[in-house]
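Input: a single structure, listed below in structure tokens.
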Amino acid sequence: MESLSKTPPVLVARGKRKIHWQLVLPWVIPIGLVLVWQLASRLGWLSSATLPSPIAIFQDGISLVQSGELQKNISISLFRALSGFAIGGSLGFVIGILNGISKTSRRLTDSTVQMFRNIPHLSLIPLVIILIGIGEAAKISLVAVGVLFPIYINTLHGIRSVDSELIEMGHSYGLSKWQLFQKIVVPGALPTILMGVRYALGVMWTTLIVAETIAADSGIGYMATNAEEFMDMKTVLLCIAIYAILGKLSDLIAKGLESYLLDWQKAKGGH
């Protein structure tokens with residue numbers, strides 16, 4: 001009886017192999033492109049002046065790390081990105097919550113927010129520079145404006161999409177308004193809210209790239225702009241690769257947050 005209840009070793013091995021392949025597959029195309037790029041550079045198909053090889057870019061990164069320049073500029077960019085995300089994300093979340101649960105608040109502010117949402121936030125750069133200057137506040141403000149609207153829209157949509165039957169059931173069980181919000185509204189809206197967080201993280205990096213290339217004396221974008229003036233393609237491509245890696249890490253963190261916070265959905269599906 002005990003042997004029948006155990007999973008056969010062959011099936012366990014296949015399951016582990018399948019999991020390993022699922023982890024490897026997302027990296028197949030990026031790694032393949034880098035290998036082809038390196039091979040083309042090695043064979044002389046690509047000019048090292050216009051498109052340096054991945055190894056040359058990696059060596060340039062090592063020299064910048066040794067000088068301390070790379071980590072300094074990455075830390076500055078991270079500070080700007082996370083500060084703007086925290087400010088804009090918090091505002092978008094709070095306004096989305098208020099407009100989702102209150103008709104009065106929604107009628108008062110939603111039209112105004114939607115009006116501003118349709119203005120490309122990067123077009124505000126000249127206005128921000130005139131009003132705030134070119135300091136840290138300007139860059140953080142642009143990131144905050146960029147991430148505010150995706151989080152607001154998804155928070156509002158998530159709350160308004162909660163099943164009304166679940167809310168009625170909560171009323172029938174005598175739940176208070178706070179208990180309804182905490183136990184029914186938030187869990188029901190959470191998948192959509194987290195979708196907005198993932199989208200906002202992409203907007204965060206896009207906005208920061210532009211902000212740092214226009215008016216900055218530090219950060220990854222500044223490094224890329226400065227290198228472009230001296231035709232240093234290795235550093236330009238290194239900065240692009242760093243942005244790509246940071247964007248991928250942000251997405252992985254967002255996915256991990258989804259898996260952690262939405263674990264109850266898997267448990268429900270399992271039953």
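The values are calculated or read from the model by the stated rules, or taken from the named source; none is laboratory data. Bear in mind the structure is a predicted one, so any value in this text is a computation, not a measurement. All Cβ positions, glycine included, derive from the backbone under ideal geometry; neighbour counts span all protein chains shown. Accessible surface is based on the protein model in full, side chains and every heavy atom, while ligands, DNA and RNA are left aside. Shrake-Rupley method; radii C 1.70, N 1.55, O 1.52, S 1.80 Å.
May I ask you to list the residues in segment 64-80 that are open to solvent by less than 40 Å² (accessible area, probe 1.4 Å) and either at positive phi or over 25 Å from the mean Cα position of the chain (by Cα) (or both)?
Leu64, Gly68
For a quick check of your reading: which helices (runs of 4 or more DSSP H) sit entirely within segment 149-245 and have at least 2 residues that are in contact with a Pro (Cβ under 6 Å, 6 or more places away or on another chain)?
Here the list reads 186-214.
Of the residues Glu212, Glu229, which single one is within 19 Å of the chain's Cα centre (by Cα) and either more than 19 Å from Gly88 (Cα to Cα) or buried (at least 19 other Cβ atoms within 10 Å of the Cβ) (or both)? Full working, then the answer.
Numbers: Glu229 fails: within 19 Å of the chain's Cα centre (by Cα).
Sole residue among the options that is within 19 Å of the chain's Cα centre (by Cα) and either more than 19 Å from Gly88 (Cα to Cα) or buried (at least 19 other Cβ atoms within 10 Å of the Cβ) (or both): Glu212.
Is there any pair linking a residue in segment 90-117 that is aromatic (Phe, Trp, Tyr) to one that is open to solvent by less than 90 Å² (accessible area, probe 1.4 Å), with Cβ under 6 Å and at least six apart or on different chains, and which?
If the second residue must be open to solvent by less than 90 Å² (accessible area, probe 1.4 Å), the pairs left are Phe93/Ile151; Phe93/Thr155.
Residues to consider are Gly100, Gly88, Gly84; find the one that is over 28 Å from Leu249 (Cα atoms), touching a helix residue (DSSP H, G or I) at 6+ places or on another chain (Cβ under 9 Å) and either of a type in the set (Val, Ile, Thr) or in a helix (DSSP H, G or I) (or both).
None of the other options fit; the residue is Gly100.
Checking Leu98 against (1) at pLDDT below 90; (2) open to solvent by 60 Å² or more (accessible area, probe 1.4 Å), which single condition isn't satisfied?
Evaluating Leu98 over (1) at pLDDT below 90; (2) open to solvent by 60 Å² or more (accessible area, probe 1.4 Å) leaves (1) as the failure.
Within segment 229-256, take every residue that is acidic (Asp, Glu) and at pLDDT 85 or above and give me the one that is farthest from Pro191 (Cα to Cα).
Asp232
Contact list please: Cβ distance under 6 Å, first residue in segment 49-63 and surrounded by 14 or more Cβ atoms within 10 Å (Cβ to Cβ), second residue hydrophobic (A, V, I, L, M, F, W, C), pairs at least six apart or on different chains.
Filtered contacts from segment 49-63: Pro52/Met233; Pro54/Val34; Pro54/Trp37; Ile57/Leu237; Ile57/Leu238; Asp60/Leu238; Gly61/Leu238.
Is it the case that Ser111 is open to solvent by 30 Å² or more (accessible area, probe 1.4 Å), in a helix (DSSP H, G or I) and within 23 Å of Ala211 (Cα to Cα)?
no
Given the options Ser172, Ser164, Ser176, name the one that is closer than 17 Å to Asn99 by Cα, free of Cβ contacts under 8 Å to residues at least 24 places away in the same chain and not β-branched (Val, Ile, Thr).
Only one candidate qualifies: Ser164.
Which number in (1) closer than 26 Å to Ser250 by Cβ; (2) modelled with pLDDT of 90 or more; (3) surrounded by fewer than 17 Cβ atoms within 10 Å (Cβ to Cβ) marks the one condition that Ile153 misses?
(3)
Would it be correct to say that Gly88 is of a type outside the set (Lys, Arg), within 17 Å of Arg160 (Cα to Cα) and surrounded by 17 or more Cβ atoms within 10 Å (Cβ to Cβ)?
Values: of a type outside the set (Lys, Arg): yes; within 17 Å of Arg160 (Cα to Cα): no; surrounded by 17 or more Cβ atoms within 10 Å (Cβ to Cβ): yes.
So Gly88 fails the test.
Would you mind stating whether Ile140 is open to solvent by less than 40 Å² (accessible area, probe 1.4 Å) and β-branched (Val, Ile, Thr)?
Here the answer is yes, as Ile140 does meet what is asked.
Which numbered condition trips up Gly170, out of (1) modelled with pLDDT of 85 or more; (2) open to solvent by less than 40 Å² (accessible area, probe 1.4 Å)?
Tallying (1) modelled with pLDDT of 85 or more; (2) open to solvent by less than 40 Å² (accessible area, probe 1.4 Å), Gly170 fails exactly one: (1).
Could you list all residues from segment 232-245 that are of a type in the set (D, E, K, R) and surrounded by fewer than 18 Cβ atoms within 10 Å (Cβ to Cβ)?
Within segment 232-245, Asp232 is the sole residue that qualifies.
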